[in-house]
Amino acid sequence: MNPPTSTSPLGTEFDDFLFAPLGEDRNGLPLSIVSLLGRMDLDPWREADKLASLPAEAAVHRLALLLAALPVASSKDADPGTMAARLIGLLPPRTAHKAPSPVAALNAAAPHQRLVISAILFAIYLIWLLGRFEGTREEPSAHNDAAHSPAPVAAPSKTPSRID
């Protein structure tokens, strides 16, 4: 059985690790690293990236702690340290001068994206608010209310007065 293909925008370099079988859960369902990390409310691709960036011993230790923390029926018999060492071997090889990972690039872009989205939402709110204000403003009416209009002033007559 082939592991499913990743749909993550982060690439497929962690697929062998993430979709490695761990055994079965209490209900008899197959369990993999991706499902284990998901049950722990951790992002599997970020966690795989973190593990890949650690020295091998530290990565094995961290993964062993994660494996030991979740109660899984079929993995209780296996030693978490041994299982973690085997699984860490499935991560992509470490390089001394590793280029920034896609996860790091996404994390670096996230604050900028939040700022742009916040600015756009604020502008939309201001436009909406201005529209509400404009809709409540009174326009001068075409017909004047006689009670509120000033009295007309009589214009002087141009007819000459009679002198008697």
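A single entry from Ser75, Ser35 fulfils the requirement of being surrounded by 13 or more Cβ atoms within 10 Å (Cβ to Cβ), of a type in the set (Ser, Thr, Tyr), in a helix (DSSP H, G or I) and at pLDDT below 90: Ser35. Here Ala110 fits the description: at pLDDT below 85 and part of a helix (DSSP H, G or I).
The values are calculated or read from the model by the stated rules, or taken from the named source; none is laboratory data. Please read these numbers as outputs of a predicted model, since none were measured by experiment. Note that we place each Cβ from the backbone using ideal geometry, even for glycine, and neighbour counts take in every protein chain shown.
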